[in-house]
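Engineer: There's a structure below that I have some questions on.
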Amino acid sequence: MLFFKECKKVIFSLTFIIYFAVTLAMYFTQFHNDCGEPLRKPGPSDEYYGTVAREIPEILMPNAAEGLVGEYLSGSFSAYPYGFYKNVRLSENKKFRLAEVITELSGLTAYELDNFEDYQEAGYVMGDNNGFVYVEANIPEINIPDSLTYDRFRELMREADKIIGGGSRYSDEFIVGNFSLVPRTYEDALAEYERFLYDDKITGAYARLYCDYIGIDIAILPVFVAAALAGFDKKSGMEQLVYSRKVSSGKLVFTRFLALVTVMAIPIIITAAIAYFKVKSIYPGEALDNFAFFRCAAYWLVPNILISTAVGMLVTEIMSGMIAIFVQGAWWFMSIFAAEGGLTGEIKPFTLVMRHNNLLKSDVFAMEMKSIIFNRLFFTVLSVVLVTLTVIIYEMKRRGVFNGLSDLRKNSGRKSKA
């Protein structure tokens, strides 16, 4: 009975209606629009099949050396320590150590590097007729010594990564994907298409893309609904009535949590069903995985609803709904920002917003499966821990032991004035 009452409160709340509307808008403006035409099978006469990362020393070594020299000359380095983007500027001591690394791998001395005045970053610049043209980077000539082995080169790259602070483009994790891309062959493209067709059974690939898009909103929107529901009780005076009930704090809090998660899963179920029939319509007669969307949404999106809701409930009870939204929003923003390092193949054990913005590359996704399983289980368990803490705070409030940090500040202010 209590569960259905809580569900009813959530369903008829303004924040849930907005949540529902935004989720639908995200689906139709992003995923639905990407499903206009079926994925075309690559042909042997196609001019371009994309690129693939392969560890080829003859390609990786000069490209990585050029990248390191270019960033040294620019004075800043891109890095993703702990999964978050960071623009790194080195101290003079670290800059000197990095110059020694560059000297060994390229022959360029610190003096030559520091006195090179014609550095030009690669990119698009305004050309004639108000058009943009691409210009190559202008850096000093690099001559990798013949005596430098590939193993020693990788050691120098690891040293450079350590000096920068970790998570740079020269780390073991990123170096091949950044500096050793080669053209994909027809055979590679055909094999990938066949994985899409037979391993993913088409809908498996589209389900990942669906979760990629919807997961962006689902990692932040539930906190608004959870915080608003707790705030509504306070404003309407229901909080005191709830505190006076004989039902336990654990039952009250976990019932509300379950009601929030259940109701907020409704738009996911609806959009996943629409997505399935959309894909089915553009691949008539193909053998599809009929449950791929629901299975993928269950392990990909539900943990995001759980953790965002749990943060909203706990922080609202301790402080306020606005601060709960700020906390989750800051976490969400940092996770989205970190994903700028790559939208495919960048799922880490503690990544809040998982990304795989590609119908293909199922092999990359499969290689990340251990991280994905840990990631989703971690956030599921963490959400239960946070809700348990909410129960403790709730019980303390019912007993009059604690009434929130905001009230403590108010009381402190009154005492100081007295």
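The values are calculated or read from the model by the stated rules, or taken from the named source; none is laboratory data. Predicted model, so just to flag it, every value in this text is computed and none were measured. No Cβ is skipped: glycine too gets one built from the backbone with ideal geometry, and neighbour counts run over all protein chains shown. Ligands, DNA and RNA are excluded from the accessible area calculation, which covers all protein heavy atoms including side chains. Shrake-Rupley method; radii C 1.70, N 1.55, O 1.52, S 1.80 Å.
Engineer: Within the range 1-29, take every residue that is touching a Phe, Trp or Tyr at 6+ places or on another chain (Cβ under 8 Å) and surrounded by 15 or more Cβ atoms within 10 Å (Cβ to Cβ) and give me the one that is farthest from Met313 (Cα to Cα).
Structural biologist: Kept after step one, since they are touching a Phe, Trp or Tyr at 6+ places or on another chain (Cβ under 8 Å), are these residues of the range 1-29: 9-10, 13, 15, 18-19, 26-27.
Checking the rest, the ones that are also surrounded by 15 or more Cβ atoms within 10 Å (Cβ to Cβ) come to 9-10, 13, 15, 19, 26-27.
Numbers: Lys9: 15, Val10: 13, Ser13: 16, Thr15: 14, Tyr19: 17, Met26: 25, Tyr27: 26 Å.
Residue satisfying both the conditions and the ranking: Tyr27.
Engineer: Right, something else. Would you be able to tell me the number of residues in the range 33-67 that are of a type in the set (Gly, Ala, Ser) and either assigned to a loop (DSSP other than H, G, I, E, B) or more than 25 Å from Glu104 (Cβ to Cβ) (or both)?
Structural biologist: Keep residues of the range 33-67 that are of a type in the set (Gly, Ala, Ser), which gives 36, 43, 45, 50, 53, 64-65, 67.
Imposing the further condition that a residue be either assigned to a loop (DSSP other than H, G, I, E, B) or more than 25 Å from Glu104 (Cβ to Cβ) (or both) reduces the set to 36, 43, 45, 50, 53.
Residues that pass the stated criteria total 5.
Engineer: I'd like to know if the range 381-393 contains one or more residues that are within 18 Å of Met264 (Cα to Cα) and of a type in the set (A, V, I, L, M).
Structural biologist: For the range 381-393, residues within 18 Å of Met264 (Cα to Cα) and of a type in the set (A, V, I, L, M): present.
Engineer: Considering only residues that are part of a loop (DSSP other than H, G, I, E, B) and either among the polar types (S, T, N, Q) or touching a helix residue (DSSP H, G or I) at 6+ places or on another chain (Cβ under 8 Å) (or both), look in the range 101-122 and name the one that is modelled with the lowest pLDDT.
Structural biologist: Here the answer is Ala122.
Engineer: Given the condition modelled with pLDDT under 90, out of contact with any strand residue (DSSP E or B) (no Cβ under 9 Å at 6 or more places or on another chain) and within 22 Å of Leu377 (Cβ to Cβ), answer yes or no: does some residue in the range 294-305 qualify? Steps first, please.
Structural biologist: Of the residues in the range 294-305, the ones modelled with pLDDT under 90 are none.
No, that holds for no residue.
A quick yes/no check of all residues on (1) open to solvent by 50 Å² or more (accessible area, probe 1.4 Å); (2) more than 15 Å from Ile164 (Cα to Cα):
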{"residue": "Leu60", "(1), (2)": "no, yes"}
{"residue": "Asn63", "(1), (2)": "yes, yes"}
{"residue": "Gly75", "(1), (2)": "no, no"}
{"residue": "Val88", "(1), (2)": "no, no"}
{"residue": "Glu100", "(1), (2)": "yes, no"}
{"residue": "Glu104", "(1), (2)": "yes, yes"}
{"residue": "Leu108", "(1), (2)": "no, yes"}
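Engineer: Residues of the range 346-381 being hydrophobic (A, V, I, L, M, F, W, C) and open to solvent by 50 Å² or more (accessible area, probe 1.4 Å), which ones? So that I can check it myself, show each step before the final result.
Structural biologist: First, the residues of the range 346-381 that are hydrophobic (A, V, I, L, M, F, W, C): 347, 350, 352-354, 359-360, 364-367, 369, 372-374, 377-379, 381.
Listed by number, the residues that qualify are Phe350, Ala366, Met367, Met369, Ile373, Phe374, Leu377, Phe378, Val381.
Engineer: Restricting attention to the range 279-300, report how many residues are open to solvent by 50 Å² or more (accessible area, probe 1.4 Å) and in a helix (DSSP H, G or I). Working first, answer last.
Structural biologist: In the first step, residues of the range 279-300 are kept if they are open to solvent by 50 Å² or more (accessible area, probe 1.4 Å); the result is 280-281, 284-287, 290-291, 294-295, 298-299.
From what's left, in a helix (DSSP H, G or I): 280-281, 294-295, 298-299.
Final tally of qualifying residues: 6.
Engineer: Can you pull out every residue in the range 123-140 that is modelled with pLDDT under 85, part of a loop (DSSP other than H, G, I, E, B) and either under 22 Å from Pro62 (Cα atoms) or touching a helix residue (DSSP H, G or I) at 6+ places or on another chain (Cβ under 8 Å) (or both)? Walk me through how you get there before you give the answer.
Structural biologist: Residues of the range 123-140 modelled with pLDDT under 85: 123-138.
From what is left, the residues that are part of a loop (DSSP other than H, G, I, E, B) are 127, 131, 136-137.
Of everything in the range 123-140, those that are modelled with pLDDT under 85, part of a loop (DSSP other than H, G, I, E, B) and either under 22 Å from Pro62 (Cα atoms) or touching a helix residue (DSSP H, G or I) at 6+ places or on another chain (Cβ under 8 Å) (or both) turn out to be Glu136, Ala137.
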